[in-house]
Structure formats: C-alpha cells, structure tokens
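Trainee: So that we are looking at the same thing, I have put the structure below in structure tokens.
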Ligand SMILES: [Mn+2]
C-alpha cells in the first residue's frame, strides 16, 4: 500500500540565545501531523541560497511563536517594555518570508509569526501593549492560566480567508456562520500588530481593539493569528481548521491531490 504524498510544512525553529541551541516544542509539529501534513523543522543558520532551495521544495510554511522582534527592524528605538530578541531568528525568518512570498507559497504565522510577517511586509508592531496602548478594557494578553484554556474572545470580520477557514467554509462546509464570528482564544503575547503592512488586512480583533488576525490581500494563502491554535486544536474545531487550511492550501500549491 502506498501512502498519498502529504504536504511538507517548514517550521521556524526556537532558539536559546544563551546556549545557542535550537529546538522545537512539540505542539506545532503535532498539530501539523494531525492535520495531514509532515512538519519539517528548518535550520536557523542557513544561507539565502539554502533557504531558496528549501522554499522551492517545501509546500507551506509556519512561522512559530517566540521572542520579540528587534525594534530596529521596524524603524524604532528599543522601548523600556521590549523583551528579549533573537537576531538570528529575525534574520532567518525575514529572509524565509521574502522567499516564500516570492514563490507564492502558503504561509501561516502564530504569535511572533504574525508580528514577523507584518514587519517583513512593511508594517509595525507595539513593542509592549501594556505600556503603549491605552485601553478602556485592559484584556490580559498574558493570560494567567495554562495555554490550553482560552482567555479572551476575538471577533473575526466576515468575507475573508481567515473567516472562511475558521468557519469551515474554506473546506466546502455549507453550514458556515454568516456575519462576524466570535471565537475564544488563548493569549500569551505582550506585543501586537500596530500598523498593518500595505499588503495585509486586519480581520480579527480582541475586545480591547488589539489586532489578533491578518490575511494577505491578492495572495493565494497567508494567515497570521496572534493566539496559539497549536494548544487548542484537540478541543476546538476552529483551531484545527487553521492547520487543516494550511495543509489544504499547501497540497494545492504543490499540485498533488489531497482529500
Ligand atoms: Mn491576545
């Protein structure tokens, strides 16, 4: 019996800047496997030519969570509330994003990933929500309980790729909700998208106005989310749909049949 070819999804790696070790927590690879893809953890230190070769071979890309992005990369000084950075991750991921977008590959970003994508495409972020954003309803974006437990709601506007994926419409499900959807998400970030890049559209918002989801306009498949669906998919079909959506788009982009 032969197995149908599964989409290969490249994941950005975590990086311990003290020990210089790279590693990948199991949550994202497990979610990709469960959604029908094969996770491939990408090297932190690869030349641009190596990355170009990887991008042409792999079918889709997941920009994972991690540390803050260096403020110089979006033209700012480092503010008091900014956290730790990995210069190597910033460099590798911005190069990878450029190549993936050039080759029109499906892309998903999670937490740091949505911020990295926004910066790479010309947007800005808040370096630290609590000290930079005045909010009437100060939502805890650093939730005080485990990752598997949702902590705040997100309103998703209608008529965009993220809404279609979350509702199941992207997979041909007809009972999709009409109008804006409200979903429950976890939250472990203190940075967030500020000005969206010209090619991106914000389409999901926390109750305090913080941007929690973006899509790329006029592009086959790019979704960024500020929450962590890799800790929610076992309980939450909408979170699973984010991984299934990436796999479906990646199967299509590699011109293989996928059911
Ligand atoms: Mn949040």
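Every read-out reported here was derived from the displayed coordinates using simple, explicitly stated rules and does not represent laboratory data. The shown structure was predicted, so the numbers you read here are calculated from the model rather than taken from an experiment. Reconstructed Cβ throughout: ideal geometry from the backbone, glycine too, with neighbour counts over all protein chains shown.
Trainee: So what is Rg over Rh here for the range 38-83, counting just Cα atoms and using Kirkwood for Rh?
Mentor: Numbers: Rg = 14.7 Å, Rh = 13.4 Å.
Radius of gyration relative to Kirkwood radius: 1.10.
Trainee: Which of 103, 53, 18 ends up with the largest GNM mean-square fluctuation for the chain, with Cα atoms connected below 10 Å?
Mentor: 18
Trainee: Using a 7 Å offset from the Cα along the Cα-to-Cβ direction at both residue 48 and residue 145, what is the distance between the two label points in nm, to one decimal?
Mentor: 4.8 nm
Trainee: Oh, and also: Spin-label point model (7 Å from Cα, Cβ direction): what's the residue 24 to residue 4 distance in nm?
Mentor: Roughly 2.2 nm, to one decimal.
Trainee: Using the 2.2 N^0.38 Å rule of thumb for compact globular proteins, work out how the range 3-127 stacks up: its C-alpha Rg over that value, please. All intermediate terms of the calculation are to be shown ahead of the outcome.
Mentor: On the way: Rg = 14.5 Å, N = 125, 2.2 N^0.38 = 13.8 Å.
Against the compact-globule rule of thumb, the ratio is 1.05.
Trainee: Now, a different point. Which one, 20, 48, 93, has the greatest fluctuation when you compute a Gaussian network model over the chain with C-alpha springs under 10 angstrom?
Mentor: Result: 20 has the largest fluctuation of those listed.
Trainee: Over the chain, what per residue volume does the convex hull of the Cα atoms give, in whole Å³? Let's see the in-between values first.
Mentor: On the way: hull volume 35.0 nm³, N = 259.
In the chain, the Cα hull volume divided by residue count equals 135 Å³.
Trainee: Give the residues of the range 41-69 whose amide nitrogen is closer than 15 Å to a point set 7 Å from the Cα of residue 188 in the direction of its Cβ.
Mentor: Within reach of a label on residue 188, which here means backbone N under 15 Å from a point 7 Å along Cα→Cβ, the range 41-69 contributes 64-68.
Trainee: If you don't mind, there's one more thing I want to ask. Under the rule of -39500 (n - 2.57) per DSSP H run of 4 or more residues, summed and divided by the residues of the chain, what mean residue ellipticity at 222 nm is obtained, to the nearest 500 deg cm²/dmol?
Mentor: On the way: 7 runs with 71 residues, N = 259.
Taken over the chain, the calculation gives -8000 deg cm²/dmol.
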